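Engineer: One structure follows; several queries about it will come next.
What follows draws every value from the coordinates through simple rules; no lab data is involved. This is a predicted model, so every value here is computed, not measured. Glycine gets a Cβ as well: all are built from the backbone with ideal geometry, and neighbour counts include every protein chain shown.
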Amino acid sequence: MLRLEVNPRGLALVGGVLAGLWLLARLWPVVLLVIVSLMFAAALLPFMEWMVRRGCHRAAAVLVLVVIMVALAALIGLLVAPVVIEQGKALADRIPALRDGAARFIERQGAVQLGAEVRAFSPGEAIEPGQVTSAGRRVLGVVTSIITIIVLTAYILYDARRIERFVYFATPVRFHEHISNLLSALQRVVGGYIRGQLVTSGFITVFTFVTLTVLGIPNALALAVLAGIADMIPMIGVFLAVGPATLAALSVSLPTAILVAGLLMAYQEFENRFLVQRVYGATLRLPAIAVLVALLAGAELLGVAGALLSLPAAAALRVFIEYGYDMKRGRLRSDAAPPEDPFAPDTAAARAANGRARVRAAEPREAG
């Protein structure tokens with residue numbers, strides 16, 4: 001006779017996992033903002049620690065970094081928004097001519113009725129009031145998300161040590177070394193990627209600005225900033241960086257547009273072949289197929305945000321895989337530092353005492 005036994009602990013575990021997945025799905029927008037904030041904090045933490053070591057108070061150092069972030073976000077918005085509006089207005093002004101040209105082409109092919117329908121088409125009729133409201137909500141949502149990320153990044157930077165101590169306090173001692181190694185590796189990889197991306201984006205911004213200014217292209221600074229932002233998107237960013245600048249160059253002449261496109265494409269090759277290797281070094285160490293799969297998966301799951309986060313997420317996954325492989329091969333030490341009180345004051349004496357405790361924990365033990 002078949003006997004079915006129910007394990008209460010197993011049921012509780014399955015229920016907890018399902019509840020956690022449901023909660024994660026409901027809170028995913030918040031989780032995404034926290035992940036992005038952690039990435040920015042990992043990139044900015046070395047700069048904050050540098051200022052603290054030179055006598056700057058932690059709160060003042062965080063305030064300086066927040067002011068810089070807000071200023072950059074506002075500057076990008078003020079530079080890019082007018083260009084987007086101007087390009088949209090220029091496209092809207094050209095719609096009647098494009099519509100008539102398309103209608104004449106269709107009529108020459110014998111489809112007179114279809115040509116008449118194209119000629120009578122008005123883009124304003126296809127835009128519903130609800131779509132305008134939805135677009136406004138999206139823009140407001142993006143602005144709110146940027147402000148939230150800046151605030152969360154500031155809190156994480158200010159309480160970085162307290163958060164780390166709480167993680168140690170809330171986990172068993174035997175996991176402390178693994179947590180310490182993983183946190184260090186993740187900060188190095190993710191923070192290095194963010195800092196490297198800012199460097200490469202800065203280079204293409206300067207190059208694009210100089211090129212467009214020399215060739216007399218209007219809105220050179222705004223188009224250069226737009227190219228720097230597009231450079232953050234893997235693989236498809238090159239088209240977003242070259243396209244707007246080339247279209248703007250058409251207002252000067254066709255040869256100028258071809259020259260702009262050629263110069264920017266040549267710079268993209270220089271960046272991919274030389275600059276990225278010097279800036280990132282061995283930070284990512286991802287094969288091309290992994291980059292492509294990560295980009296496709298990120299874009300499918302989260303759209304543009306997923307494409308931006310795909311490479312650091314793939315690099316973080318590589319850290320976990322390599323660490324698990326090292327554990328399996330027995331390459332890691334088993335000694336760990338003692339847990340810390342998460343609510344202990346973050347003073348120089350406390351940090352020194354904690355450092356001595358970690359050194360003692362890391363010292364090799366004598367046999368017997």
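Engineer: How many nm is it between the label spots at Val142 and Arg9, if each spot is 7 Å from the Cα in line with the beta carbon?
Structural biologist: 5.1
Engineer: Quick check: residue separation of Asp326 and Val67 times 0.36 nm, minus the Cα distance between them. What number comes out in nm?
Structural biologist: The Asp326-Val67 span can extend by a further 89.1 nm.
Engineer: Loop only per DSSP, at most 13 neighbouring Cβ atoms within 10 Å: give me the GluC sites (Glu not before Pro) in the range 1-86, ordered by residue number.
Structural biologist: In loop regions of the range 1-86 (DSSP not H, G, I, E or B), the sparsely surrounded GluC sites (Glu not before Pro) are Glu5.
Engineer: Determine the gain in length on full extension of the stretch Gln113-Ala59; use 0.36 nm per residue of separation and subtract their C-alpha separation, reporting nm with one decimal.
Structural biologist: 12.5 nm
Engineer: Could you give the nm distance between label points at Arg162 and Val206, where each point is 7 Å from its Cα heading toward the beta carbon?
Structural biologist: It works out to 3.9 nm between the two label points.
Engineer: Order the peptides 19-30, 70-81 from the highest to the lowest mean number of other Cβ atoms within 10 Å of their residues. Before the final figure, lay out each step's value.
Structural biologist: Details: 19-30: 10.6, 70-81: 13.2.
Result, highest mean Cβ count within 10 Å first: 70-81, 19-30.
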